[in-house]
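The values are calculated or read from the model by the stated rules, or taken from the named source; none is laboratory data. Just so it is clear, the structure is predicted and the values come from calculations on it, not from any experiment. Ideal geometry is used to build each Cβ from the backbone, glycine not excepted, and the neighbour counts take in all protein chains shown.
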Amino acid sequence: MNESGTLQNSYHSRTLKNILQLASWAGVWVGTCALMALGPRYLWNKDLIFTQLAVALNFCVGVGLVLAHKKYLASLDELQRKVYLDALGITVGVVLIVAIPYAVLDRYNIVHLDNQVSGLMILMSVTFLASFFYGTWRYR
């Protein structure tokens, strides 16, 4: 194998390692979100100290997730970073365009939907994935 192939394999293995680390942090963070949201009701009967510990754990894991995300972004090449950042930019724009009018409509009791944060998270996830996959497809 030539030097170029070795560098490419090294790059791909490093990127895969960072993707797996990011996915692991994301999975643990989702788990701590579930613990924080469901624990008070189902595990520790609304005991304040355990709820505070769950929130602190979620916060700490969230910081780890942000750092893993930063490391992942740093490992991307220029084109991958462009696709990723474009998808993030589109996601922020869509969320702002939807969330602000929704907040006004909710304030004046025009819409009545519970779990507004979870709906926003779903919107963010779908928008990011669609934007990312479109950007990846576009540059192939």
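Overview of results
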read-out	value
Residue that is surrounded by the fewest Cβ atoms within 10 Å (Cβ to Cβ) [pool: residues in segment 74-84 that are touching a residue at least 12 places away in the same chain (Cβ under 8 Å) and of a type in the set (A, V, I, L, M)]	Leu79
Whichever residue in segment 1-43 is β-branched (Val, Ile, Thr) and modelled with pLDDT of 90 or more and, among such residues, is farthest from Val117 (Cα to Cα)	Ile19
For Ile97: the one exception among (1) at pLDDT 95 or above; (2) under 17 Å from the mean Cα position of the chain (by Cα)	(2)
Unique residue being in a helix (DSSP H, G or I) and closer than 19 Å to Ala26 by Cα when the list is Leu105, Leu120, Leu79, Leu96	Leu120
The listed residue being assigned by TED's automatic domain parsing to the domain that holds Ala26, exposed (fewer than 15 other Cβ atoms within 10 Å of the Cβ) and modelled with pLDDT of 95 or more, out of Ala130, Ala56	Ala56
Top-ranked residue in segment 30-71 [being of a type in the set (Ser, Thr, Tyr) and over 22 Å from the mean Cα position of the chain (by Cα); ranked as farthest from Leu88 (Cα to Cα)]	Tyr42
Any hit, segment 66-87, residues being at pLDDT 95 or above, of a type in the set (Gly, Ala, Ser), outside the structural domain of Gln8 (by TED's automatic domain parsing) and within 30 Å of Asn9 (Cα to Cα)	yes
Conditions (1) among the hydrophobic types (A, V, I, L, M, F, W, C); (2) farther than 28 Å from Leu20 by Cα; (3) surrounded by fewer than 14 Cβ atoms within 10 Å (Cβ to Cβ); (4) not assigned by TED's automatic domain parsing to the domain that holds Trp25; number of the one not met by Val98	(3)
Residues satisfying the stated conditions in segment 51-66, i.e. among the aliphatic types (A, V, I, L, M) and farther than 20 Å from Ser125 by Cα	Leu53, Ala54, Val55, Ala56, Leu57
Search result, residues across segment 99-140 that are under 30 Å from Leu76 (Cα atoms) and of a type in the set (Lys, Arg)	Arg138, Arg140
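Each row is one residue, and each column tells you yes or no for (1) free of Cβ contacts under 8 Å to residues at least 24 places away in the same chain; (2) closer than 23 Å to Ser125 by Cβ; (3) not β-branched (Val, Ile, Thr).
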| residue | (1), (2), (3) |
| --- | --- |
| Arg14 | no, no, yes |
| Asn18 | no, yes, yes |
| Leu22 | no, yes, yes |
| Ala26 | no, yes, yes |
| Cys33 | no, yes, yes |
| Met36 | yes, yes, yes |
| Trp44 | yes, no, yes |
| Ile49 | yes, no, no |
